[in-house]
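Below: one structure, written as structure tokens.
The values are calculated or read from the model by the stated rules, or taken from the named source; none is laboratory data. Here the structure is a predicted model, which means the values were calculated and not measured. Just the protein is used for accessible areas: all its heavy atoms, side chains included, with ligands, DNA and RNA removed. Shrake-Rupley method; radii C 1.70, N 1.55, O 1.52, S 1.80 Å.
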Amino acid sequence: MLKQKGMTKEEKLKQMTETPVEKLVPRLAIPTIISMLVTSIYNMADTFFVS
């Protein structure tokens, strides 16, 4: 598994072009899903306390 933090542009390009799609999509999607869940939970809590 490639090191995610501090990757150079060449390493990022190599990861995006040479990694199989089946492995690359979950690796990129999971952080996005987590951030969307956190934002949704925050919005629901904010709505509950403000309203």
Review point. Quick one: helix 9-18 against the long Cα principal axis of the chain, what's the angle to the nearest 10°, folded into 0 to 90?
Key: 90
Exercise for review: With a 1.4 Å probe and every protein chain left in place, work out the accessible area per residue of the chain in Å², rounded to a whole number.
Suggested key: 95
Point to revise | Portion, in percent, of the accessible area of the chain that falls on carbon or sulfur, probe 1.4 Å | key: 69
Practice item. Hey, could you grab the Kirkwood Rh for the chain? Inverse mean 1/r over distinct alpha carbon pairs, Å, one decimal. Key: 13.3
